[in-house]
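Beneath this line is the structure, given in structure tokens, with notes to follow.
The values are calculated or read from the model by the stated rules, or taken from the named source; none is laboratory data. Source: prediction; values computed, not measured. Neighbour counts are summed over all protein chains in view; Cβ atoms, including those assigned to glycine, are modelled from backbone coordinates with ideal geometry. SASA here: full protein model, heavy atoms, side chains in, ligands and nucleic acids out. Shrake-Rupley method; radii C 1.70, N 1.55, O 1.52, S 1.80 Å.
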Amino acid sequence: MLKKTHYVMLLLTLIAGGCGEPPATDNSAPAKIYKHAMDGAPGSLDPAQAASLYANFLVVNLYDTLYRYKYLARPYQLQPNLATAMPEVSDDGLRLTIQIKKGVYFNDDPAFAGGLGREVKAQDFVYSIKRHFDPGTRAMGAWLWQQRIEGLDQWKTEGSVYDREVAGLRAVDDYTIQITLTRPFPQLVHTFAQGYAAIVAREAVEKYGLELSNHPVGSGPFQLVSRNSIRAVLTKNPDFRAEPFRLEDEGYDPATQGDLGLEALQDKIPPFVDRLEIEFITEDAARWNAFMANELHFIKVPVSQFDTVLKQRKPLTLSPRFDGVYHFEAAPEAGFIYTNFNMADERIGYHANPAQNRRNHALRCAMVKAFDWKKRNEIFFYGIGRVFPGIIPTAAPEYDADGDSTYIQRDLQAAIDLLQANGWNEKNLPVLNYGFPNSVTERQIFEQFRNFMMEMGYPAKKIRPMIFATYGDYHRAYSQGKVTLINSSWTMDYPDVENTMQLYYGPNASPGSNSANYNNPAYDRLYESSSTLSESPERTRIYREMNQLLMDDCASIAGISRTLLFLWDRKVIMKPDRSFLGGYFMRFVDLLEPSATP
């Protein structure tokens, strides 16, 4: 592929000038600019650290992954992205062979010889996965492959020497990847659709080091022009591979998606817009006002505006004021909201003294009983969230409708009795720090939590706010075990409830996905015994047993799945996504009319 040197010079000019107007696609067509709002800001844009929904959203637009989810298929379905096909799998399920596409190039960048991006090779994927097992990377995605790929954990133990081969992670040639597993892992291909698995160039990592966080060098559909605490600006990658859009290949359903205008995309070459402007607006009112002023094409509707947007709750019906003016979708959250106890904190979690360990367990269980899910749902989620006991959401096949619902039913007197029976009082209750990113809504959620606890006798001054400037800062803090009460959410990485069960697997403790630092050997044994199973009655039985163990230990106040409401401009052709597809949908966004000058 020939590199377009004249475009490189123009792009460098744009980078130097910040958010200037992007070039038109030809001499006559004005630029197409899509403006999107997110309710949080990403931290690092290094794929190895893309631990939040917000970071992942950008990473999959800037970098390539081997696989992605079909744009329109529901239920979600995997398909090749940089790979040429789904993997060839050995009969025992332990060896996968993956071919990658030829003629795909990294963006032009000074990291490469002559400033011209080189071709993406199989070895780049191997290098990118190895980075997660290099302590110097400070990676956050190793949990996806830990103890699963033959020799990879040993490679880390032996010093993370990149030029040393890993037996189970090999580039057979420039376009062939071979992976050997320690045991079958049915969800492996799903992990290769995650931002964590995005492919980076070794030259870029070695040139920029920690600055790769702000200087991505990928081969994705877009390139970064600028990023700060309030927005990111991306421009179309002119060298992105030309692959025509096919409705059938993307799982198009005319019965449910026929009014979105998607037919106009057939046979066009994505990405369809020239520039993405992604605004990070944490305050609900500011985000809503920007949307109503036509400064944004899309918004996840703040709960504070649900009364404005909805005519009724059952069934969810759009108000006449918005009906016909915007596209509307109500989407159940693929995940849940929880408050984890940091079990590594001896004030509330595990304690070496057995007697104190029992008292801490009683304290956690009292806090679970004092929590009022009905009020949390009504005040912050408009009463349309789905509350369920533990960590298996109601939409999952493994959900047990006949499970222990007492875990989510408030019993204030039982909470008070439990404290008294275990010798807890106002004087000896521990001081706990409750973390959250800085926003009005997060502060209100904290105050509600503290009020629930005060009603069972917990002194207000002993539950202290621990406020962080951004979600990225907050995530780093609780991933390092610095927060005692962790209020957060988990958006499932892939459509398999195994992805929620691993959240409490002991080896995934901080800085991994197990932010609770939960460490129950029985839970771990069950997780390991189920890890080779696909969805089945046996796996369902195991997962329900694990869920009950977690509740018995009172390691988390969980949980609720929100119902998300989306509005977007009818001049925009798209089906937005907040779940597994995530930022991948951005390459398929198109505008019916040219954008105004920003």
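Quick one, what does Rg over Rh come out to for the chain if you take C-alpha atoms and the Kirkwood Rh?
Here the Rg-to-Rh quotient is 0.96.
To the nearest µm²/s, what D does Stokes-Einstein give for segment 420-497 at 20 °C and 1.002 mPa s, using the Kirkwood radius over alpha carbon pairs as Rh?
In µm²/s, the coefficient rounds to 153.
Whenever you get a sec, compute what percent of the accessible area on segment 111-230 sits on carbon and sulfur atoms (1.4 Å probe).
47
Enumerate the amide H contacts of Asn514 below 5 Å, restricted to partners 5 or more residues apart or on another chain; note that Pro and chain-start residues carry no placed amide H.
Ala509
Which percent of the Cα-Cα distances in segment 119-275 go past 21 Å?
The share of Cα pairs beyond 21 Å in segment 119-275 comes to 58 percent.
If you plug each phi of segment 327-336 into the Karplus form 6.51 cos²θ - 1.76 cosθ + 1.60 with θ = phi - 60°, what whole-Hz ³J(HN,Hα) values come out, in order, with x for Gly and Pro?
Karplus values, whole Hz, x for Gly and Pro: 6, 9, 8, 9, 10, x, 5, 8, x, 6.
In the P(r) worked out for segment 457-554, what percent of Cα pairs fall beyond 18 Å?
54
For Cα pairs less than 8 Å apart in space and 6+ apart in sequence, what is the mean separation divided by the residue count of the chain, i.e. the relative contact order in percent?
Dividing the mean separation by the residue count of the chain yields 20 percent.
Residues with amide H under 5 Å of Arg68's amide H, sequence separation 5 or more or different chain, H placed in the peptide plane at 1.01 Å from N; which?
Amide H to amide H, under 5 Å and 5 or more residues apart or across chains, Arg68 pairs with Gln79, Asn81.
At 1.4 Å probe radius, can you tell me the per residue accessible area of segment 93-190 in Å²?
40
Quote the charge dipole size of segment 431-557 about the Cα centre in Debye, to the nearest 20; the model charges only the Cβ of Lys and Arg (+1) and of Asp and Glu (-1).
620
At 1.4 Å probe size, with no ligands or nucleic acids counted, give the accessible surface of Asp274 in Å², nearest ten.
10
Just to compare against my own numbers: the Cα pair-distance distribution for segment 276-375, 10 Å bins, whole % per bin, please.
In whole percents, the pair-distance histogram is 11, 28, 22, 16, 16, 6, 0.
Using the charge dipole of the chain (Lys, Arg: +1 at Cβ; Asp, Glu: -1 at Cβ; taken about the Cα centre), state which of Phe566, Ser128, Leu419 has its Cα farthest towards the positive end.
Projecting each Cα onto the dipole axis, the largest value belongs to Leu419.
Over every pair of different alpha-carbon atoms in segment 102-200, take the mean of 1/r and invert it; report that Kirkwood radius in Å.
Taking the inverse mean of 1/r over all distinct Cα pairs, segment 102-200 comes out at 14.3 Å.
Leaving ligands, DNA and RNA out of it, report the carbon-plus-sulfur percent of the accessible area of segment 262-383 at a 1.4 Å probe.
Percent of accessible area from carbon and sulfur atoms in segment 262-383: 51.
Ignoring ligands, DNA and RNA, how do His215, His132, His190 rank by accessible area with a 1.4 Å probe, largest first?
Listed by decreasing accessible area, they come as His215, His190, His132.
How much of the DSSP beta bridge set in the chain is antiparallel, as a percent to the nearest 5?
75
Rg (Å, one decimal) plus Dmax (Å, integer) for the alpha carbons of segment 346-459?
15.6, 45
Kirkwood hydrodynamic radius, segment 459-514, all distinct C-alpha pairs: what's the number in Å?
One over the average 1/r among Cα pairs gives 12.9 Å for segment 459-514.
Given the protein chains as shown and a 1.4 Å probe, how many square angstrom of Ile467 are accessible, to the nearest 10?
Taking all protein chains as shown, Ile467 has close to 80 Å².
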